[in-house]
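S.K.: Questions regarding the structure given below will be posed in turn.
The values are calculated or read from the model by the stated rules, or taken from the named source; none is laboratory data. All values reported here derive from a predicted model rather than from experimental measurement. Reconstructed Cβ throughout: ideal geometry from the backbone, glycine too, with neighbour counts over all protein chains shown.
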Amino acid sequence: MVRYLIISLLLYAHFIRIDGQSRGNIRIMFYNTENLFDTEDDPATLDDDFTPTGIMHWTQAKYHTKILNVYKVIAGVGGWQPPEIIGLAEVENRLVLNDLLTKTPLSKFNYQIVHFESPDPRGIDVALLFRFDKIKLLQQEPIFINFRDNPNRKTRNILLAKFLCEGHDTLWMFVNHWPSRRGGEIESEDLRFEAANTLRQRIDLIHKSHPAAKIIAMGDFNDEPSDLSLVNHLKAHPPASPFAAKQLYNLSFNLLKTSKTGSHYFSGHWSVLDQMIVSGNLLSNKHGLFTKPDDAHIFSADFILQTDKKNLGVKPLPTYSGRKYIGGFSDHLPIYLDLYLKN
């Protein structure tokens, strides 16, 4: 515990800088943690690389450093207090989530876990952490993505959670980690079309029975805001007033204009793969929970970045560079969104 106190004090100055921004009643973050595996071999998944005898030589010491690094990022995003809701991608199982909440200073806060095992071949899932002293979980459900042209193909489920926030308003949340661009962006885009269609259909069902539903879809979409999967299939558009209640607005369009980086960096190019998408009811600012088009941010603090000597800029400080252990954080930067409460 003394070690954690020292770490908290070292981050204190950074917290002040982040908290200089106006903080909402509820701060929501999403973070692709980049291979948050435990060290045990799961015979049902392809996790062998991340074991002590695997090619990544994934030891207990490296694992505990990773857990602590994820905590540091969460603390940095939260400012004076960690976010009320945390979406995570690339977590192997509930064990790593429990370790994050019990073996770091997050143990001081009242977090609970929403997590389901997914059929992803590598065994990586999405998850939600929420502070149950402020937020009540009403519903949780995994949503399976069916690839019609390849029914044997498996990927991460979409995670659905319904919350009652601050005892006042209901919030529907989806956490996504859509199929990657492995094999080529164009060659793999049909997979993300299927993910987008699956999410859109579920949102339409919610709006059919709850026309005033307040919805957030966040995650690593493995496409940019202007790509076909998000614009044509999910029908998530740039935020522009007046806001229609059932329309989806991708607040990450604004990140393309305001951020000096992106959320992901590859071959000298920043992209915004990690996004916050909201329903129009969250932008109406009439009553209850609301947000504003410019309240989504990329967290790009210096301590999670490194110098890109080749391209004369900065890039994320990851856990590995290829197979070389770096001991950093992730190859993605986290994003966050503030919600406000109007009585």
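S.K.: Within the stretch 263-310, take every residue that is among the polar types (S, T, N, Q) and under 23 Å from residue 244 (Cβ atoms) and give me the one that is nearest to the chain's Cα centre (by Cα). Please lay out each step first, then the result.
M.R.: Let us first name the residues in the stretch 263-310 that are among the polar types (S, T, N, Q), namely 263, 267, 271, 275, 279, 281, 284-285, 291, 300, 306-307.
Next, only the ones that are under 23 Å from residue 244 (Cβ atoms) stay: 275, 279, 281, 284-285, 291.
Numbers: 275: 8, 279: 18, 281: 22, 284: 24, 285: 25, 291: 18 Å.
Applying the filter and picking the extreme gives 275.
S.K.: Search the stretch 87-99 for residues being in contact with a Leu (Cβ under 8 Å, 6 or more places away or on another chain) and touching a residue at least 40 places away in the same chain (Cβ under 8 Å), and hand back the single one that is surrounded by the most Cβ atoms within 10 Å (Cβ to Cβ).
M.R.: The initial filter retains those residues of the stretch 87-99 that are in contact with a Leu (Cβ under 8 Å, 6 or more places away or on another chain), namely 87-88, 90-92, 96-97.
So of that shortlist, the ones also touching a residue at least 40 places away in the same chain (Cβ under 8 Å) come out as 87-88, 90-92, 96.
On the way: 87: 32, 88: 28, 90: 24, 91: 26, 92: 23, 96: 23.
For the stretch 87-99, the residue satisfying everything is 87.
S.K.: Moving on. Among 126, 77, which is within 26 Å of residue 298 (Cα to Cα), in contact with a Ser or Thr (Cβ under 9 Å, 6 or more places away or on another chain) and at pLDDT 95 or above?
M.R.: Going through 126, 77 in turn, the sole match is 126.
S.K.: Run down 49, 38 and say which single residue is in a loop (DSSP other than H, G, I, E, B), surrounded by 14 or more Cβ atoms within 10 Å (Cβ to Cβ) and out of contact with any His (no Cβ under 6 Å at 6 or more places or on another chain).
M.R.: Working: 49 fails: in a loop (DSSP other than H, G, I, E, B).
When all the criteria are applied, what remains is 38.
S.K.: Can you tell me which residues in the stretch 134-154 are charged (D, E, K, R) and either surrounded by 14 or more Cβ atoms within 10 Å (Cβ to Cβ) or modelled with pLDDT of 95 or more (or both)? Let's see the steps before the verdict.
M.R.: Going residue by residue through the stretch 134-154, those that are charged (D, E, K, R) are 134, 136, 141, 148-149, 153-154.
Hits for the stretch 134-154 are 134, 136, 141, 153, 154.
S.K.: Could you figure out which of (1) surrounded by 14 or more Cβ atoms within 10 Å (Cβ to Cβ); (2) outside any loop (DSSP other than H, G, I, E, B) isn't true of residue 123?
M.R.: Only one criterion in (1) surrounded by 14 or more Cβ atoms within 10 Å (Cβ to Cβ); (2) outside any loop (DSSP other than H, G, I, E, B) is unmet by residue 123, namely (2).
S.K.: Across the stretch 52-70, what is the number of residues that are in contact (Cβ under 8 Å) with a residue 60 or more places away in the chain and buried (at least 23 other Cβ atoms within 10 Å of the Cβ)?
M.R.: Of all residues in the stretch 52-70, those in contact (Cβ under 8 Å) with a residue 60 or more places away in the chain come to 55-57, 62, 65-66, 68-70.
In the following step, the residues that additionally are buried (at least 23 other Cβ atoms within 10 Å of the Cβ) were identified as 66, 70.
Number satisfying all stated conditions: 2.
S.K.: List the number of the failed condition for residue 77; all other conditions in (1) out of contact with any strand residue (DSSP E or B) (no Cβ under 9 Å at 6 or more places or on another chain); (2) β-branched (Val, Ile, Thr); (3) under 22 Å from residue 305 (Cβ atoms) hold.
M.R.: All conditions are met except number (1).
S.K.: If you don't mind, another one. Scan the stretch 136-157 and tell me whether some residue there is touching a residue at least 60 places away in the same chain (Cβ under 8 Å) and assigned to a helix (DSSP H, G or I). Walk me through how you get there before you give the answer.
M.R.: In the first step, residues of the stretch 136-157 are kept if they are touching a residue at least 60 places away in the same chain (Cβ under 8 Å); the result is 156.
Checking the rest, the ones that are also assigned to a helix (DSSP H, G or I) come to none.
No, that holds for no residue.
S.K.: Hey, among the residues in the stretch 297-343 that are assigned to a loop (DSSP other than H, G, I, E, B) and basic (Lys, Arg), which one's nearest to residue 37 (Cα to Cα)? First the steps, then the outcome.
M.R.: Just the residues of the stretch 297-343 that are assigned to a loop (DSSP other than H, G, I, E, B), to begin with: 299-301, 309-312, 317-319, 322-323, 326-331, 333-334, 343.
This time we only want the ones that are basic (Lys, Arg), so: 309-310, 323.
Working: 309: 29, 310: 30, 323: 15 Å.
In this case the residue turns out to be 323.
S.K.: Give 103, 62 a once-over and let me know the one that is farther than 19 Å from residue 334 by Cβ and in contact with a strand residue (DSSP E or B) (Cβ under 9 Å, 6 or more places away or on another chain). First the steps, then the outcome.
M.R.: Details: 103 fails: in contact with a strand residue (DSSP E or B) (Cβ under 9 Å, 6 or more places away or on another chain).
The conditions single out 62.
S.K.: Sticking with this structure for a sec: What are the residue pairs meeting all of these: first residue in the stretch 200-213, first residue within 17 Å of residue 163 (Cβ to Cβ), second residue among the small types (Gly, Ala, Ser) and buried (at least 17 other Cβ atoms within 10 Å of the Cβ), Cβ atoms under 6 Å, and 6 or more apart or on different chains?
M.R.: Correct list of pairs: 206/213.
The rows are residues; the columns are (1) modelled with pLDDT under 95; (2) of a type in the set (Lys, Arg); (3) crowded, with 21+ Cβ neighbours inside 10 Å; (4) touching a Phe, Trp or Tyr at 6+ places or on another chain (Cβ under 9 Å).
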{"residue": "244", "(1), (2), (3), (4)": "yes, no, no, no"}
{"residue": "258", "(1), (2), (3), (4)": "yes, no, no, no"}
{"residue": "263", "(1), (2), (3), (4)": "no, no, yes, yes"}
{"residue": "269", "(1), (2), (3), (4)": "yes, no, no, no"}
{"residue": "278", "(1), (2), (3), (4)": "no, no, yes, yes"}
{"residue": "285", "(1), (2), (3), (4)": "yes, no, no, yes"}
{"residue": "288", "(1), (2), (3), (4)": "yes, no, yes, no"}
{"residue": "301", "(1), (2), (3), (4)": "no, no, no, no"}
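Conditions tested, residue by residue: (1) surrounded by 18 or more Cβ atoms within 10 Å (Cβ to Cβ); (2) in a loop (DSSP other than H, G, I, E, B); (3) at pLDDT 95 or above; (4) in contact with a Gly (Cβ under 7 Å, 6 or more places away or on another chain).
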{"residue": "181", "(1), (2), (3), (4)": "no, yes, no, no"}
{"residue": "195", "(1), (2), (3), (4)": "yes, no, yes, no"}
{"residue": "205", "(1), (2), (3), (4)": "no, no, yes, no"}
{"residue": "212", "(1), (2), (3), (4)": "no, yes, no, no"}
{"residue": "218", "(1), (2), (3), (4)": "yes, no, yes, yes"}
{"residue": "229", "(1), (2), (3), (4)": "yes, no, yes, no"}
{"residue": "232", "(1), (2), (3), (4)": "no, no, yes, no"}
{"residue": "241", "(1), (2), (3), (4)": "no, yes, no, no"}
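S.K.: If you go through the stretch 102-120 one residue at a time, how many are part of a helix (DSSP H, G or I) and buried (at least 18 other Cβ atoms within 10 Å of the Cβ)?
M.R.: Residues meeting the conditions: 2.
S.K.: Taking residue 299 as meeting all but one of (1) touching a Ser or Thr at 6+ places or on another chain (Cβ under 7 Å); (2) closer than 15 Å to residue 87 by Cβ; (3) of a type outside the set (Asp, Glu), write down the number of the exception.
M.R.: For residue 299, the failing item is (1).
S.K.: Only one of (1) touching a strand residue (DSSP E or B) at 6+ places or on another chain (Cβ under 9 Å); (2) more than 22 Å from residue 338 (Cα to Cα); (3) crowded, with 24+ Cβ neighbours inside 10 Å fails for residue 177. Which number is that?
M.R.: Tallying (1) touching a strand residue (DSSP E or B) at 6+ places or on another chain (Cβ under 9 Å); (2) more than 22 Å from residue 338 (Cα to Cα); (3) crowded, with 24+ Cβ neighbours inside 10 Å, residue 177 fails exactly one: (2).
S.K.: Do you know which residues across the stretch 246-255 are among the polar types (S, T, N, Q), modelled with pLDDT of 95 or more and more than 17 Å from the chain's Cα centre (by Cα)?
M.R.: Result: 247, single match.
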